[in-house]
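Dumping the structure here so I can ask a few things about it.
The values are calculated or read from the model by the stated rules, or taken from the named source; none is laboratory data. The structure displayed is predicted, hence computed values, not measured ones. Neighbour counts are summed over all protein chains in view; Cβ atoms, including those assigned to glycine, are modelled from backbone coordinates with ideal geometry.
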Amino acid sequence: AKEKGSNQYQIYNENMNQKLSEELMMERALYEALENQEFLLEYQPFIDMKTNKIVEAEALIRWSHPQKGIIPPGLFIPLAEKTGLIVSIGNWVLREACKQNKLWQTKEYKPIIMSVNISVLQFEREDFVNTVESILLETGLDPQYLALEITEGIAMKNVEENIDKLQSLKKIGVKISIDDFGTGFSSLNYFTRFPIDSLKIDRSFIQSIEHSQEARAIVSMIISMGRSLGIENIAEGIETEGQLNIIRKENCHKAQGYFFSKPTNPGAFQILLADDKEF
Ligand code: C2E
Ligand code: CA
Ligand code: CA
Ligand code: CA
């Protein structure tokens with residue numbers, strides 16, 4: 001039994017080593033991906049519920065791996081966060097998305113807001129506000145056309161510091177959205193103190209909105225809370241006409257989801273803009 005035990009330990013140890021070295025390899029690959037410009041952005045439109053037209057786009061990162069093909073963010077963002085590489089990757093995303101939006105404005109399409117996902121780690125960097133400011137200067141994008149998507153997590157710790165930071169960002173003129181709203185555990189009280197422009201209602205509520213009265217009640221409550229605080233509402237993950245009809249009835253401001261469009265490459269998105277397509 002003793003022998004077996006020590007064998008088991010060895011196997012366990014080898015597995016751990018293997019997992020560790022896989023992570024190290026992946027970390028290296030991520031670092032090289034940044035150097036070799038293997039990341040790319042896709043854009044998914046948000047539709048205004050009054051005009052049925054595109055008013056905003058979310059930039060979503062993909063890794064175009066030379067051997068493995070397109071890798072979705074869910075498979076590498078967690079490791080990028082764990083290793084801290086998310087800061088450099090996130091800054092690349094911010095710069096690229098601002099550059100793209102500025103380019104579309106130069107081509108004289110109707111201006112839209114570019115929404116960029118910001119990881120907590122990135123937000124917490126002391127130089128984050130400066131970084132945003134210098135990327136806006138560098139790309140020439142008017143700050144009112146940039147929105148930063150952060151998660152409820154920033155309302156959980158370093159509250160005073162984070163409120164200050166958000167206020168500095170508001171002073172620059174960028175917009176602040178809370179992503180995946182309703183999935184965190186933030187106190188409602190915070191939301192009167194955080195300078196927020198919009199709430200993105202998490203897809204999990206939208207998914208069950210047609211069949212669950214509870215989900216509908218939650219969505220309805222978020223929307224009316226947002227409205228009375230002067231905060232805009234965005235429903236994410238709209239996949240069916242039924243879901244769209246409900247969030248229209250609930251008076252939601254904007255919607256995003258496969259029902260309108262999947263995230264697309266810049267060329268395909270530009271065609272949507274050029275058509276000023278009505279959805
Ligand atoms: P998220 O910010 O909540 O983005 C929405 C995700 O839902 C995207 O997945 C989008 O493609 C997907 N989606 C949109 N509409 C629908 C729909 O109608 N149905 C379904 N089933 N899915 C829909 P994606 O692109 O795989 O991104 C996953 C997550 O990765 C994002 O979730 C975000 O948390 C993270 N992410 C993506 N890009 C970045 C980035 O540049 N920086 C950081 N920090 N995170 C990113
Ligand atoms: Ca998002
Ligand atoms: Ca989201
Ligand atoms: Ca999400």
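Restricting to the stretch 226-279, count the residues that are among the aliphatic types (A, V, I, L, M), within 27 Å of Ile196 (Cβ to Cβ) and surrounded by fewer than 15 Cβ atoms within 10 Å (Cβ to Cβ).
So the answer is 1.
Hey, Glu161 hits all of (1) of a type outside the set (S, T, N, Q); (2) closer than 20 Å to Pro111 by Cα; (3) exposed (fewer than 15 other Cβ atoms within 10 Å of the Cβ) but one; which does it fall short on?
It is condition (2) that Glu161 fails.
In the set Ile234, Ile196, Ile246, Ile222, which member is over 19 Å from Lys53 (Cα atoms), outside any loop (DSSP other than H, G, I, E, B) and either within 16 Å of ligand 4 (Cβ to nearest atom) or out of contact with any Asp or Glu (no Cβ under 6 Å at 6 or more places or on another chain) (or both)?
The match here is Ile222.
Under 8 Å by Cβ, and 6 or more places apart or on different chains, what pairs join a residue from the stretch 24-46 that is part of a helix (DSSP H, G or I) with one that is among the small types (Gly, Ala, Ser) and crowded, with 16+ Cβ neighbours inside 10 Å?
Pairs found: Leu30/Ala80.
Ala215: more than 18 Å from the chain's Cα centre (by Cα) and either free of Cβ contacts under 8 Å to residues at least 24 places away in the same chain or surrounded by 21 or more Cβ atoms within 10 Å (Cβ to Cβ) (or both), yes or no? Steps first, answer last, please.
Numbers: more than 18 Å from the chain's Cα centre (by Cα): yes; either free of Cβ contacts under 8 Å to residues at least 24 places away in the same chain or surrounded by 21 or more Cβ atoms within 10 Å (Cβ to Cβ) (or both): yes.
Considered against the rule, which asks whether it is more than 18 Å from the chain's Cα centre (by Cα) and either free of Cβ contacts under 8 Å to residues at least 24 places away in the same chain or surrounded by 21 or more Cβ atoms within 10 Å (Cβ to Cβ) (or both), Ala215 comes out as yes.
Turning to a different aspect of this structure: Just give me the residues in the stretch 164-193 being surrounded by 18 or more Cβ atoms within 10 Å (Cβ to Cβ) and either in a helix (DSSP H, G or I) or out of contact with any Asp or Glu (no Cβ under 8 Å at 6 or more places or on another chain) (or both), in sequence order.
Selection gives Lys165, Leu166, Leu169, Val174, Phe191.
Is it fair to say Leu60 is assigned to a strand (DSSP E or B) and within 16 Å of ligand 4 (Cβ to nearest atom)?
Criteria met by Leu60.
Give the residues of the stretch 235-263 that are touching a strand residue (DSSP E or B) at 6+ places or on another chain (Cβ under 6 Å) and polar (S, T, N, Q), sorted by residue number.
Step one: filter the stretch 235-263 for residues touching a strand residue (DSSP E or B) at 6+ places or on another chain (Cβ under 6 Å), giving 235-236, 238, 247, 252-256, 260-261, 263.
Gln256, Ser261, listed by residue number.
Could you say which residue among Leu188, Leu148, Leu199 is within 16 Å of ligand 3 (Cβ to nearest atom) and over 19 Å from Phe128 (Cα atoms)?
Exactly one of Leu188, Leu148, Leu199 is within 16 Å of ligand 3 (Cβ to nearest atom) and over 19 Å from Phe128 (Cα atoms), namely Leu199.
Let me ask another. Can you tell me which residue is farthest from Gly257 (Cα to Cα) among those in the stretch 148-179 that are of a type in the set (Asp, Glu) and touching a residue at least 40 places away in the same chain (Cβ under 8 Å)? Break it down stepwise before answering.
Start the filter on the stretch 148-179 by keeping residues that are of a type in the set (Asp, Glu), which leaves 149, 152, 160-161, 164, 179.
Remaining after also requiring touching a residue at least 40 places away in the same chain (Cβ under 8 Å): 149, 179.
Details: Glu149: 16, Asp179: 14 Å.
Among them, the one singled out is Glu149.
If you don't mind, another one. Within the stretch 76-100, can you find the residues that are more than 16 Å from the chain's Cα centre (by Cα), surrounded by 19 or more Cβ atoms within 10 Å (Cβ to Cβ) and either part of a helix (DSSP H, G or I) or among the acidic types (Asp, Glu) (or both)?
Gln100, the sole residue that qualifies.
Please work out which residue is nearest to ligand 1 (Cβ to nearest atom), limiting yourself to the stretch 151-178 and to residues that are modelled with pLDDT of 95 or more and under 21 Å from Ile223 (Cα atoms).
Ser177
Ala268 passes all but one of (1) in a helix (DSSP H, G or I); (2) within 21 Å of Gly153 (Cβ to Cβ); (3) among the small types (Gly, Ala, Ser); which number fails?
(2)
Of all residues being of a type in the set (Asp, Glu) and in contact with a helix residue (DSSP H, G or I) (Cβ under 6 Å, 6 or more places away or on another chain) in the stretch 187-243, which is farthest from ligand 1 (Cβ to nearest atom)? Just the residue, please.
Restricting to residues being of a type in the set (Asp, Glu) and in contact with a helix residue (DSSP H, G or I) (Cβ under 6 Å, 6 or more places away or on another chain), the top hit is Glu210.
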